[in-house]
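The values are calculated or read from the model by the stated rules, or taken from the named source; none is laboratory data. As the structure is a computational prediction, the values presented were derived from the model and not from experiment. Cβ placement follows ideal geometry from the backbone for every residue including glycine, while neighbour counts extend to all protein chains displayed.
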Amino acid sequence: MSVDLVRTEQVPIDGRQSETALAVARGTARLLLAHGFACVSELPLPSGRRADLVALSADGEIWIVEIKSSIADFRADQKWSGYRLHCDRLFFATTPNVPCEIFPKDAGLIVADAFGAQIVYEAPENRLLPPTRKSMLLRFAHAAALRLQALADPAGPYGDIV
């Protein structure tokens, strides 16, 4: 007897992102996976800010991707400069409708839609110090494990911690 399993689990959407930003995040995460990175979205950083996407390679390299869905979004939010302290490389990701020229050249740039993405230019490398890397690895692992646990136990006591 065979049983067909239908996956009904779904990562909850927290409601902070626009549909455009969610599409860019999805396409960017697919690109990062193709480059050997696993992603966690909306990861709280030691500074108290949340990074849109944090990507971790198998060898421990950490990238942060800041998603900007429009020119106005880019101009209104300058908190991303502090993200450099928490990653080896910092990228922006945006839609094909946003002009690439508005983004700083000292960060990488990804153009994405809901189905995929392309790196327009690479981010310069700024290797993390070992204590900062350890802190970020622990944050990444803790968040990923809690989110997986919450999917396995949707009625559990997770609240805002995931």
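For the stretch 70-106, what are the residues that are within 29 Å of LEU129 (Cβ to Cβ), of a type in the set (Gly, Ala, Ser) and touching a residue at least 24 places away in the same chain (Cβ under 8 Å)?
Result: GLY82, ALA93.
On the given criteria, is LEU146 in contact (Cβ under 8 Å) with a residue 12 or more places away in the chain, assigned to a loop (DSSP other than H, G, I, E, B) and under 21 Å from GLY48 (Cβ atoms)?
no
Kindly evaluate ARG50 against the criterion of being basic (Lys, Arg), in contact with a Pro (Cβ under 6 Å, 6 or more places away or on another chain) and at pLDDT below 95.
yes
What is the number of the single condition among (1) assigned to a loop (DSSP other than H, G, I, E, B); (2) exposed (fewer than 12 other Cβ atoms within 10 Å of the Cβ) that LEU128 does not meet?
(2)
Scan the stretch 113-143 residue by residue and report those that are in contact (Cβ under 8 Å) with a residue 12 or more places away in the chain, of a type in the set (A, V, I, L, M) and within 21 Å of LEU33 (Cβ to Cβ).
The answer is ALA114, ALA117, ILE119, VAL120, ALA123, MET136, LEU137, ALA143.
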